[in-house]
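Each value in this text was obtained by applying a stated rule to the coordinates, not by laboratory testing. Please read these numbers as outputs of a predicted model, since none were measured by experiment. Cβ sites come from the backbone with ideal geometry, for glycine too, and all protein chains shown count toward neighbours.
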Amino acid sequence: MLAIKHFLYLPLSLVVCVANIAQAEFYRWVDDTGTIHYSDSLPPTESQRKQDLLNDTGRIVKTIPAPKTVGELEEEQKLALQEEEQKKKIEKAEQRDRLLMALYLTVEDIELVRDERIETVESAIRITKLRKNRFTKKLEELSTSEQKFKANGQNTPPWLIKSRRHYAEQLANVEDILAIKEKEKLVIKKRFAGDINRYLELKDPELAAE
């Protein structure tokens, strides 16, 4: 029985040996002149090229691409960043949709909040306009006083020059504030118009299309 076992093991060893031979690998690559090379080892000088790994029958078992250039790596990184930004935008939009549906039951609810926001801004605009009128009137009074000094042959006193400069600066500031508040009001209207349209899309896409 022992001799029979050894006899049975022999073909198995032979199979393993043949399999190892069949797995022998060769490299194939193309140089700068277009010449195709074959070798059982890859020269270090050719390691940066695309390589095909062949078995003893000439069949490609693996392809090793050439290392990416600096430009290719930069482009890959750029695309990855763009994909990440796009992913963040989608996640932000989905979060906004969930919040929109959770906060409001009807379009009227959205319009009510919109009108409250606009009223807050318009209230600030009214107060700022009152300040503007006050500064404008003060500048007119200072201008009248200056004309009186000049009519009497007197130079404009330093205090008047300083006051006029002060109120002119204040007037410029409130005009900037008014411009900002008017823009803020437009932003609110645009944002809530988008919210209403999106709310309708989520509630009833056909209604939103109309």
Determine, yes or no, whether LEU112 is more than 21 Å from LEU100 (Cβ to Cβ), in a helix (DSSP H, G or I) and within 33 Å of the chain's Cα centre (by Cα). no
Subset tally (residues that are over 14 Å from ILE36 (Cβ atoms) and assigned to a strand (DSSP E or B)) for the range 48-77: 5
Taking the conditions exactly as written (small (Gly, Ala, Ser) and over 32 Å from the mean Cα position of the chain (by Cα)), does ALA179 satisfy them or not? no
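Going through ARG131, ARG117, ARG164 one at a time, which residue ends up being within 30 Å of GLY194 (Cα to Cα), part of a helix (DSSP H, G or I) and of a type outside the set (Ser, Thr, Tyr)?
After applying the criteria, what remains is ARG117.
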Between LEU100, LEU42, which is outside any helix (DSSP H, G or I), surrounded by 14 or more Cβ atoms within 10 Å (Cβ to Cβ), among the aliphatic types (A, V, I, L, M) and in contact (Cβ under 8 Å) with a residue 12 or more places away in the chain? LEU42
